[in-house]
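Let me begin by presenting the structure, written as structure tokens, before commenting on it.
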Amino acid sequence: MNGAHAEHDSTGQPVLISLTAPPRRALADGLVRPVGSGAAHTVPRLDAHLPDPEVADFLATVVHTDTGFVARTDDGARVLAVIAATVAALCGEDIRTALTSPDIDFLRALEPPAVEALRGVLRAVETDHPDPVHAALGILAA
């Protein structure tokens with residue numbers, strides 16, 4: 001039936017229902033926003049410029065909560081590091097290594113369920129300077 005599924009109505013006649021895959025959200029789609037916009041103030045904020053051990057400890061904890069978090073930075077390279085480290089925390093991998101050496105090829109290859117898991121934890125990146133952040137995130141779409 002090629003993308004359609006037959007259901008039956010009350011008369012017993014088949015009714016075609018189109019089944020389509022939901023659109024795939026890219027890793028960085030809608031991730032960057034101005035400081036102070038969006039998520040409720042109850043969502044934890046991470047100053048992405050904290051020392052790596054503090055960021056790693058925060059991520060190791062926050063991935064096991066329902067709240068998620070918002071990262072704050074104007075540094076595009078640090079955004080990539082926080083994304084990689086968040087994925088590492090979700091996967092049980094070495095968070096500190098991901099902070100210092102983000103695996104861009106791995107991030108590009110994330111399947112849609114993994115992207116959704118990441119975006120369920122990393123709700124947004126708040127910045128006063130979106131251009132360098134967007135520019136850095138462009139590498140994920142390449």
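Side notes on the structure shown:
- Among residues of region 109-142, those that are loosely packed, with under 13 Cβ neighbours inside 10 Å and either closer than 27 Å to Asp66 by Cα or aliphatic (A, V, I, L, M) (or both), counted: 8
- For region 59-77, filtering for residues that are without any contact (Cβ under 8 Å) to a residue 40 or more places away in the chain and surrounded by fewer than 20 Cβ atoms within 10 Å (Cβ to Cβ) leaves 6.
- Residue count for region 83-109 satisfying the condition of being part of a helix (DSSP H, G or I) and under 13 Å from Leu27 (Cα atoms): 9.
- Region 110-142: number of residues that are within 14 Å of the chain's Cα centre (by Cα) and outside any helix (DSSP H, G or I): 8
- Just one of the listed residues (Ala81, Ala89, Ala85, Ala98) is touching a helix residue (DSSP H, G or I) at 6+ places or on another chain (Cβ under 7 Å) and under 17 Å from Ala135 (Cβ atoms), and it is Ala81.
- Selection of first residues in region 88-103 that are at pLDDT 95 or above and of second residues that are surrounded by fewer than 18 Cβ atoms within 10 Å (Cβ to Cβ) and among the charged types (D, E, K, R), restricted to Cβ pairs under 7 Å at least 6 apart or on distinct chains, gives the following pairs, ordered by first then second residue: Ala88/Asp94; Arg96/Asp52; Leu99/Asp52; Thr100/Asp52.
The values are calculated or read from the model by the stated rules, or taken from the named source; none is laboratory data. Keep in mind the model is a prediction, meaning the values are calculated, not measured. Reconstructed Cβ throughout: ideal geometry from the backbone, glycine too, with neighbour counts over all protein chains shown.
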